[in-house]
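Q: Questions regarding the structure given below will be posed in turn.
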Amino acid sequence: MAGAVGRPRKHSPRRRGSTAREEILDASAELFTTQGFASTSTHQIADAVGIRQASLYYHFPSKTEIFLTLLKSTVEPSTELATALHESEVSPALRLWALVAAEARLLLSTRWNVGRLYQLPVASSPEFSEYHAKRTELRTVFRTLAEEIVGEGDPRVDLPFHIALSVIEMRENDGTPPAPLSETELPDIAMMLADAALDVLHAQPPAERVGRALELINAAAA
C-alpha cells in the first residue's frame, strides 16, 4: 500500500498547532525570543518542529518571512480594533482604555513572548516595512485618542502606547500563555495598564469600562 502523502517528518509531531505552518511559527517564536534572529537558523527551526529543512521552505520562503509573519501577528489585530474604535461614537477615554487593554491582552495571550521581537535590532530593518507601517498606524490611533483627551501638543500623548507595550516586560517567556484570549473577561494586568494609561492623562476611568470595552473588542473581532 502506498505510503501516506504529506510533509516528511524526521520525528513525530512535537509542536503545538493544527497545521505545519502553525507548528513552524511556534518553534520560530521560541527560538527568536530566546536566542535572537541572527542566531537562529532554518535548520534549527525545522529540527524543532520535526520536519526536514526542505519542507519548511514549502510553507515559508525564508527565515525573514517567518519573522515578518510573527511581527504582524502582534500588531494586526490591534490595528483592526483601532480602526473600528476610530469609527465608534463612545468617549475617547473608553476607546483608549479598550485599545490599551486589548493590546496588552494580545501580548499576554501568546505562548511565547513575541513582543520581544520588537526589541531585536533586526526588527528595524527595511525588510519589515509592512510591519513598520502597521505599527505606525496603530501608534497614531493611540496618539489621536490621547489628544482628544488632553489636546494636541501635550507631551503625554505618546505614553498610553508605551504603557500598553510595557506588558512585554511583565510576562514570562516559558511557553505558557499568561492569559489565553477570552470573550468574557480581561486579564488583570491588561486592566491595570489601561487604568494607568488614563491616569497619566488625568482622565477619569469610564463607568462599567470592562464590560463596555469587551463589547467593543468582541464586536471588532466579529
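Please treat every number below as a calculation from the coordinates, not as lab data. It should be emphasised that the depicted structure is a prediction, and the values quoted were computed from it without experimental measurement. Backbone-built Cβ (ideal geometry, glycine too); neighbour counts: all protein chains shown.
Q: Check R52: other-chain or 5+ apart residues with amide H under 5 Å from its amide H, H built from backbone geometry?
A: K10
Q: Rounded, prolate or oblate: pick one for segment 95-222, where a ≥ b ≥ c are the square roots of the eigenvalues of its C-alpha gyration tensor, a/c under 1.5 means rounded, and failing that, prolate if a/b is larger than b/c, else oblate. Intermediate results must be reported in sequence, preceding the final value.
A: On the way: a/c = 1.71, a/b = 1.12, b/c = 1.52.
Oblate is the answer for segment 95-222, as a/c is 1.5 or above yet b/c matches or exceeds a/b.
Q: Continuing with the same structure: How big is segment 20-61 by the Kirkwood estimate over distinct Cα pairs, in Å?
A: On the way: mean 1/r = 0.1002 Å⁻¹.
This gives a value of 10.0 Å.
Q: E148 versus H132, label points 7 Å from Cα toward the beta carbon: distance in nm?
A: 2.9 nm
Q: Whole-Hz Karplus ³J(HN,Hα) for segment 141-151, in order, using 6.51 cos²θ - 1.76 cosθ + 1.60 and θ = phi - 60°, x for Gly and Pro?
A: 3J(HN,Hα) across segment 141-151, in whole Hz: 5, 3, 5, 4, 5, 5, 5, 5, 8, 10, x.
Q: Per DSSP H run of n ≥ 4, the term is -39500 (n - 2.57); total these for the chain, divide by its residue number, and report the mean residue ellipticity at 222 nm rounded to 500 deg cm²/dmol.
A: Working: 10 runs with 124 residues, N = 222.
Only helices count here, giving -17500 deg cm²/dmol.
Q: By average Cβ neighbour count within 10 Å, what is the ranking of 20-26, 89-95 from highest down?
A: Numbers: 20-26: 20.1, 89-95: 17.7.
Descending packing order for the listed peptides: 20-26, 89-95.
Q: Expressed as a whole number of Å, what is the distance separating the alpha-carbon centroids of segment 90-148 and segment 173-222?
A: Value for the Cα centre distance between the two parts: 14 Å.
Q: For S109 paired with S166, estimate the spin-label separation in nm (one decimal), with each label point 7 Å from Cα along the Cα-to-Cβ line.
A: According to this spin-label approximation, the distance is 2.3 nm.
Q: Oh, and also: Just want to confirm a number: the relative contact order over the chain, from Cα pairs under 8 angstrom separated by 6+ residues, in percent. Before the final figure, lay out each step's value.
A: Working: 279 pairs, mean separation 52.6, N = 222.
Reported relative contact order: 24 percent.
Q: Calculated from the structure, Rg and Dmax of the Cα atoms in Å equals which of (1) 24.9, 77; (2) 17.5, 50; (3) 19.3, 73?
A: Read-out taken from this structure: (3).
Q: Output ³J(HN,Hα) for segment 23-40: one whole-Hz value per residue in order, computed from phi by the Karplus curve 6.51 cos²θ - 1.76 cosθ + 1.60 with θ = phi - 60°, and x for Gly and Pro.
A: 5, 5, 5, 5, 5, 5, 4, 5, 5, 5, 7, 9, 10, x, 6, 5, 7, 9
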